[in-house]
Every structure is written in structure tokens, then in C-alpha cells.
Amino acid sequence: SQQGEEDPQALSIQEGENATMNCSYKTSINNLQWYRQNSGRGLVHLILIRSNEREKHSGRLRVTLDTSKKSSSLLITASRAADTASYFCATRRQGGSEKLVFGKGTKLTVNP
Amino acid sequence: DGGITQSPKYLFRKEGQNVTLSCEQNLNHDAMYWYRQDPGQGLRLIYYSQIVNDFQKGDIAEGYSVSREKKESFPLTVTSAQKNPTAFYLCASSADPSRGGVNQPQHFGDGTRLSIL
């Protein structure tokens, strides 16, 4: 069953703007991961944040995790047209850690 | 270069036919996974394997079968029992989460798009 739910489902911005995507989940987790998918391609791992971490950075990406609210956000700063893709969060639950549970994704369009 | 190779990229199935999707990895990962993705949807787990000669059903295993005879290979067969097979199929691999790999990401192939003729 799907646990992560991304919000918004679609986001359209101009190049140079920041993009924020949110993910909510329902159960206790070991970690939360964000992936990117270009149209017609496989998923590429972006960043992993553990349950005892609150914020993590990687280049223009910033991920936050609030376990009390069971939510995470992905911020892409100074977006580029090449950032156009779908972004998925995935959670690895405590006690069921063999599997990742993916949300339905946010489709981001960055207009040049 | 290490990675995951899925083949073919496109596949067409006739009524009543079984088809097999190939997935090969050279990342030396113990765990491998098959997902189904429908348009505008997330990924749903079909089967996964954490070790050679062993595999477990995921959330939507009905109409599918797998084998894991080699560490590098995890083929998926879409059987005629799967009445709605049209989808994008993704294979992934990772370090085994149950043996120290819980904070490791999954690595994905570029998918196979299956359609019905």
C-alpha cells in the first residue's frame, strides 16, 4: 500500500525560482528518501534522511524531516529547466525495512 | 560502469501469452526488486529477493512470477493471468536492508514498457 503522499501533484515555476515539494507518511520510519524520474526513464536517488535527522543538504537540494508531523519537504533552489522531472518520496518503515514504499510523486515543470 | 540493465525497452504481449522481462545488475547487490508504474502513479512492488534462490511477494504479485538463480539476474514473467499488464516495469537493486543496508538507496534500471497487442 502507498504510504507517502506528495503535495502538490504538479508544480510549474520559472527558471531561477525555488521549488518546494512535500511528502506525508503514516507510520514510524527508519528513513525517508527522495528520488527523481525523468520522463520514460528509471528513478535516480537524490537524498536520504534518517529518522534522527532534521535537515540535510546536497548541492541545490535541501530536505527536511519532521517526524512529529510525519512529513518531509524537498526544496530545490535556483531551479533550472533541466530540473523538470517527477519527484518521489519513499519511506522505509520500522519493522518492515525490507521494502520501500513510494508516493505518487510531484511533477515539476521548470519553464525557461 | 556499474549499473542495472533492463531489456527490452519496449515489449508487446498477445492475448494468452506469457512474456519475460530481463533485469541484470553488476553492482554486487544482494537485494533486487520489481515495480510496476501506471501513468501518473507511484511505484507498486511486485516481487523482491534478498538472496539467491529466495524471493517474496510484494503488494501486487498476482499474475506475475520471478526467479533468482543468479545474484546478478532477476527476470520477471508477466503471465496470461495478469489481465491488465499494460504498464512501465522498473527493476531495482540495493544492499540487503536486513543485513546492514537499511540506509542504502535503491538503484534503478531504465524500465520496460509493456503493451497489449
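The values are calculated or read from the model by the stated rules, or taken from the named source; none is laboratory data. All figures in this text were calculated on a predicted structure; none of them were measured in a lab. A quick note on method: Cβ atoms are made from the backbone with ideal geometry, for glycine too, and the neighbour counts reach across all protein chains shown.
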Subset of region B:80-117 [more than 11 Å from chain A (Cβ to nearest Cβ), buried (at least 18 other Cβ atoms within 10 Å of the Cβ) and modelled with pLDDT under 90]: B:Ala95
From the options B:Asn53, B:Asn18, B:Asn26, residue that is of a type outside the set (Gly, Ala, Ser) and out of contact with any strand residue (DSSP E or B) (no Cβ under 9 Å at 6 or more places or on another chain): B:Asn53
Strands (runs of 3 or more DSSP E) enclosed by region A:6-63 - at least 1 residues per element that are touching a helix residue (DSSP H, G or I) at 6+ places or on another chain (Cβ under 9 Å) and not hydrophobic (A, V, I, L, M, F, W, C): A:29-37
Residue, surrounded by the fewest Cβ atoms within 10 Å (Cβ to Cβ), within region B:66-79, restricted to residues that are of a type in the set (D, E, K, R) and in a loop (DSSP other than H, G, I, E, B): B:Glu69
Sole exception among (1) away from chain A (no Cβ under 14 Å); (2) at negative phi; (3) not aromatic (Phe, Trp, Tyr) for B:Gly63, by number: (2)
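Could you check region A:64-112 for strands (runs of 3 or more DSSP E) lying wholly inside it with 2 or more residues that are under 28 Å from B:Gly58 (Cα atoms), more than 14 Å from every other protein chain (Cβ to nearest Cβ) and at pLDDT 95 or above? Walk me through how you get there before you give the answer.
Values: elements: A:71-76, A:85-93, A:106-111.
Because the criterion is at least 2 residues that are under 28 Å from B:Gly58 (Cα atoms), more than 14 Å from every other protein chain (Cβ to nearest Cβ) and at pLDDT 95 or above, the strands (runs of 3 or more DSSP E) in region A:64-112 that meet it are A:71-76.
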